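Following this message is one structure expressed as structure tokens.
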Amino acid sequence: MPIKLVVCGIVIVCGLTGATWYYVTPKYTKVRYQPIQPVPFPHDIHVAQLGMDCRYCHSFVEVAAQSNVPNTQVCMNCHTQVAKDNPKLEPVRASWKTGDPIDWVWIHRTVDYVYYNHAAHVNRGISCFSCHGPVNHMSVVYQAKPHSMAWCLECHRHPENFLRPEDQVFNLDWNPEDVKPAEFVAKYGKPHGMTEDWSKRKTLSQSEIGQTLKERWNITPPQNCQGCHR
């Protein structure tokens, strides 16, 4: 009996250790996952330096449940003239000649049993930054957030911590301190029951901005199973 108890104890401890190591670490959530793409696309150059908008390449993000990667035509709109002989762009030129799509490696991929609508989020103040991190400063894109159920629920339970004005959704460098209180109050008002004159404030916090937008847009994210597992 003592030997059996020791063996069982070792098995249980090893099992718990292994499960914790796998399921509670970035290995499971794929945080920092950074695959090699067929064509190097430095977002920091295209977005931060050249000022390209996310929607130029990911053109469906505001109208579709699933965002899209750019097709070859989008790339060639610029690269028929810009860096047209760069050897790194040979896969793009080959795709343009043959008509075969570029075999991009998916990074942010939602599992089949989870429903996620991009348009519903970006049209109501959730920025690309909240889910994808500072992509505009990434030379090589990686997964910055865990995209786990617990992580999603953090936002669904307290959306005021993430909401921002709709015209700043695609500004990945936006900061709550950039908001001018007088202009914000004139456009969106204040939360219910707030008596302080925010228009005379120098800055507003993220929670103050978010709570205002939450009430203004009547945002009530689902927290039950049916909200995402349909």
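Rule-based calculations on the coordinates, nothing more; no lab input. For clarity, every value in this text was computed on a predicted model and none was experimentally measured. Cβ: placed from backbone, ideal geometry, glycine included. Neighbour counts: every protein chain shown.
Where does the chain land at 222 nm, in deg cm²/dmol rounded to the nearest 500, when only DSSP H runs of n ≥ 4 count, each adding -39500 (n - 2.57), divided by all residues?
My calculation for the chain gives -10000 deg cm²/dmol from helical runs alone.
A further question on this structure: Rg and Dmax of the stretch 174-225 over Cα atoms: what are they, in angstrom?
12.2, 43
For the chain, which span is the longest to avoid every loop-located (per DSSP) member of chymotrypsin sites (Phe, Trp or Tyr not before Pro) having at most 12 other Cβ atoms inside 10 Å?
No qualifying site falls inside 116-230, the longest such stretch.
Convert each backbone phi in the stretch 93-102 into a coupling constant with the Karplus relation 6.51 cos²θ - 1.76 cosθ + 1.60 (shift: θ = phi - 60°), then list the ³J(HN,Hα) values in order as whole Hz, x for Gly and Pro.
5, 5, 5, 5, 6, 8, x, 7, x, 6
To the nearest 20 debye, what is the magnitude of the charge dipole of the stretch 68-119 about its Cα centre, counting +1 on the Cβ of each Lys and Arg and -1 on the Cβ of each Asp and Glu?
In debye, rounded to 20, the stretch 68-119 gives about 160.
Let me see the P(r) profile for the stretch 73-129: every Cα-Cα distance counted, bins of 10 Å, each bin given as a percent of all pairs.
Binned Cα distances yield the sequence 18, 31, 25, 25, 1.
Oh, and also: For the chain, list log₁₀ I(q)/I(0) at each q in 0.12 Å⁻¹, using the Debye formula over Cα point scatterers of equal strength and ignoring solvent, two decimals each.
Here log10 of I(q) over I(0) equals -0.83.
What is the extension gain from Q66 to V39, computed as 0.36 nm multiplied by their sequence separation minus the C-alpha to C-alpha distance, in nm to one decimal?
7.5 nm
Can you tell me the alpha carbon radius of gyration of the stretch 50-153 divided by the globular rule-of-thumb value 2.2 N^0.38 Å?
Relative to the 2.2 N^0.38 Å estimate, the stretch 50-153 comes out at 1.22.
Another question, if that's okay. Over all pairs of distinct alpha carbons, what does the Kirkwood formula give as the hydrodynamic radius of the stretch 101-169, in Å? Show your work: numbers first, answer last.
Details: mean 1/r = 0.0740 Å⁻¹.
Taking the inverse mean of 1/r over all distinct Cα pairs, the stretch 101-169 comes out at 13.5 Å.
Given H placed 1.01 Å from N in the peptide plane, which residues other than close sequence neighbours of I102 have an amide H under 5 Å from its amide H?
For I102, whose amide H was placed from the backbone, the distant partners under 5 Å are T72.
If the convex hull of the alpha-carbon atoms of the stretch 103-230 is projected onto planes in all directions, what is the mean projected area in square nanometres?
9.2
If you take all C-alpha pairs in the stretch 25-67, what percent of them are over 17 Å apart?
On the way: 516 of 903 pairs.
It works out to 57 percent of all Cα pairs.
Once R0 is set to 41 Å, what does the formula 1/(1 + (r/R0)^6) return for the Cβ-Cβ distance between T195 and S139, expressed as a FRET efficiency to the nearest 0.05?
Once rounded, the FRET efficiency stands at 0.25.
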